[in-house]
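Engineer: There's a structure below that I have some questions on.
Every number in this text was worked out from the coordinates using simple rules, so none of it is lab data. Quantities reported herein were computed from a predicted structural model and do not represent experimental measurements. Cβ placement follows ideal geometry from the backbone for every residue including glycine, while neighbour counts extend to all protein chains displayed.
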Amino acid sequence: MISPADVWEALDALALEQGLTPSGLARAAGLDPTTFNPSRRISPHADGRADMRWMALPTLLRALDVLKISPAQFIQGLDGAGRGAGQASVTRLRGLPLSRLQGGGLFNSAGHPTGVQWEDVTLPCAISGDAYAVRVDTDALEPLLREGSSLVVMPDMPPRRSDRVLLLQPGMQPVVGILVDNTARHRGVAPALPVSASASRTQSTGDVSGGTAEGLRWAVLPYKNSQAGGADAQGNVCGIEETVVPVQEGKSGVWVHRIVMATF
């Protein structure tokens, strides 16, 4: 028997196959951007219970029209017909908006997502390990990452110099950017060099480990609008030395997680 959750999950998978987030699909269908948000899929009851609600038929038809999927094809997919025949595997994982990653209790001692604050996210691909998704809910990362984009983050995949990473530090806003070697700062060399140039002159440093005496071996060059300094859409550095955010190695709750995928 088909459930409301099956309908939502199938629509999420089809949208992501075409590079659309829930809010992106809603905009493309001429709907309110929050129409397909996880919070809009729940029908609360007076006694505190909550059930997954059915999607309105007109809303579903408008979404399918954007996705170029007929209602018959959608129903066949829900019934299981044609599954495995050229269709991508679907993975469900935990996710949160970028702005909510500053809260406590989101990660365990190994840096893996934990707790009840996480939302369910569906991806049309096979993701191994304890990955999680981050939805960009700000325009501060444009033009590289527009608002509504989603990032797939792998906490078990050690990042290397020049990797795209997510930096999480207690009491600070999460930082999305490029991992850079911060030891140049201690040698009196400005670290605000194009990452591509600095990486091409040296061998990869490997995993993030072995900090300096100051504990600031690594830093993250944030993605932000080029007018504000940081890294632009090509990963080039623009701005001044203060744009780098040092990684406080050895401090509890500090994580540098590697970004392996982005949807736009």
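Engineer: What ³J(HN,Hα) values, in whole Hz, does the Karplus curve 6.51 cos²θ - 1.76 cosθ + 1.60 give for the stretch 162-176 when θ = phi - 60°, with x put for Gly and Pro?
Structural biologist: The phi angles translate into 6, 6, 7, 9, 10, 9, 10, 9, x, x, 10, 5, x, 10, 9 Hz.
Engineer: Same structure, new question: Just to confirm the filter: which trypsin sites (Lys or Arg not before Pro) across the stretch 1-71 are DSSP coil and have at most 12 other Cβ within 10 angstrom of their Cβ?
Structural biologist: Arg49, Lys68
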